[in-house]
1. Please grab the % of Cα pairs in the range 1-159 that end up more than 26 Å from each other.
2. Using amide H atoms built 1.01 Å from N in the peptide plane, name the residues 5+ places from Ile97, or on other chains, whose amide H lies under 5 Å from its own.
3. With all protein chains present, how much of the accessible area of the range 1-156 (probe radius 1.4 Å) comes from carbon and sulfur, to the nearest whole percent?
4. Please list, in chain and number order, the residues 5+ apart from Gln28 or on another chain whose amide H is under 5 Å from its amide H, with Hs placed from the backbone.
5. Among the listed pairs Lys93/Lys159; Lys39/Lys112; Lys191/Lys294; Lys71/Lys222, give every one whose C-alpha distance is greater than 25 Å.
6. Which cross-chain or sequence-distant (5 or more) residues have an amide H under 5 Å from the amide H of Thr296, H modelled 1.01 Å from N in plane?
7. Quick one: 3J(HN,Hα) in Hz for the range 39-55, Karplus 6.51/-1.76/1.60 with θ = phi - 60°, rounded, Gly and Pro as x.
8. Which stretch or stretches of the range 137-179 have amide N atoms under 11 Å from the point lying 7 Å from Ala185's Cα along the Cα→Cβ direction?
Amino acid sequence: MILTLLCACAGRPTGVLEPVTANASASQVEMLVATTRAKANNPGEMFSGERARAPNYADITVSIPPAKARKVGDVAWPRRLPPNPATDFATLKAEEIDRRTAEQWLSNHVRKTSDGSVLVFIHGFNNQFDDAVFRFAQFVHDSGAHSVPVLATWPSRGKLLDYGYDRESTNFTRNAVENLFQYLARDPQVKEVSILAHSMGNWLALESLRQMAIRNGGLPAKFRNVMLAAPDVDVDVFGSQIVDMGKQRPRFTLFVSRDDRALAVSRRLWGNVPRLGAINPDQSPYREELEANKITVIDLTKLKEGDSLHHTKFAESPEIVQLIGKRLSDGQTLTDSRLGLGDGIVLATTGAAQTVGTAAGLVISAPVAIVDQNTLQNYGHYAETLVASGSESEPHIAKSRCNPTSQTEAKNCDR
């Protein structure tokens, strides 16, 4: 069924980053790009999935079609080239720049904000460069966040069978992302930094923060929010990373979904050790460890949004995306009292959200799909086989925990 649903979608054209003329009815999102990807031969692709010897930078403006052309949470990929900005996502500007120009771009845009805030996004596995650009633009636009958007993109080949290459590319990129974080920490104009990572990008975000904390003896207070969306990270390794960061660290918000089929596959590949984004936060020892580290958890297992792998629910729920944007724009952390914010989350997710720890959390969207349509068409049978086998590792847990002997236990199982 998954194979049929995903492969039924048509592939999309390549070279969508070739700039076109703006349309008056469309909105625009400007972003700064810092990447360890190598330059692509095709100008409409800009950067490839191969590794560069030194970081590259780009100034990109994406055109978002008006509301009548798409629903909130969707990326309206063009079906043909050139794209039509009235109906499609399109690129208005895509210029490679040097580091000094990138620093000036950041300075100019931070000065225009009311709070000096920056939002750094780190995408996940199997993402071509245009995947990351368009999804981040969609999130920034739909959320209404006022922070300066910075895309930190690493060399992913955008192929399902290159999982190992992609993972090593995150290790390859750790120093570059740490250097970006160090620059934001030093820049006096930047008053607040939020980090949003998805899937395998969480490994890169956590390792870079860990390195920075060890080097500096802690993390700067201006790093306020770290949002871990569907993290493809070994749960035991995550525990050691948090310890290495020390007591002075940002507020962490973790978004999990126990029906995430992509993370079920990853679990099989990594020796059947649970992935952080698919844990049951009510279960020991996770609950106690999360409480001890004051990590807020939102369980979106019952949220009926996103792709058929249940890996992109976060990006495609309009209520959740907008709730996040408002919270960031108000200059608040993603944790608060259980009143108001927690109630709003429960309503937005139709009872799917739960929190762990001393404070309620805020759901965050994860803007990038694990697989693109072209890859699914090429390797759909392989994906179907892995997903089917990966899903076999969890049923006994659910069965053992949902055998109620009281009315209270029955209500817990109904969640």
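The values are calculated or read from the model by the stated rules, or taken from the named source; none is laboratory data. All of these numbers come straight from a predicted model, not from anything done at the bench. Reconstructed Cβ throughout: ideal geometry from the backbone, glycine too, with neighbour counts over all protein chains shown. Surface accessibility is based on the protein's heavy atoms, side chains included, excluding ligands, DNA and RNA. Shrake-Rupley method; radii C 1.70, N 1.55, O 1.52, S 1.80 Å.
1. Numbers: 3198 of 12561 pairs.
Pairs farther apart than 26 Å: 25 percent.
2. Tyr57, Ala58, Asp59
3. Details: 3250 of 6640 Å².
Whole-percent figure for carbon plus sulfur exposure: 49.
4. Under 5 Å from the amide H of Gln28: Ile64.
5. On the way: Lys93/Lys159 27 Å; Lys39/Lys112 30 Å; Lys191/Lys294 23 Å; Lys71/Lys222 34 Å.
Violating the 25 Å Cα-Cα cut-off are Lys93/Lys159; Lys39/Lys112; Lys71/Lys222.
6. Amide H to amide H, under 5 Å and 5 or more residues apart or across chains, Thr296 pairs with Phe252, Leu254.
7. 5, 8, 6, 7, x, x, 9, 6, 10, 9, x, 8, 8, 9, 6, 9, x
8. 178-179
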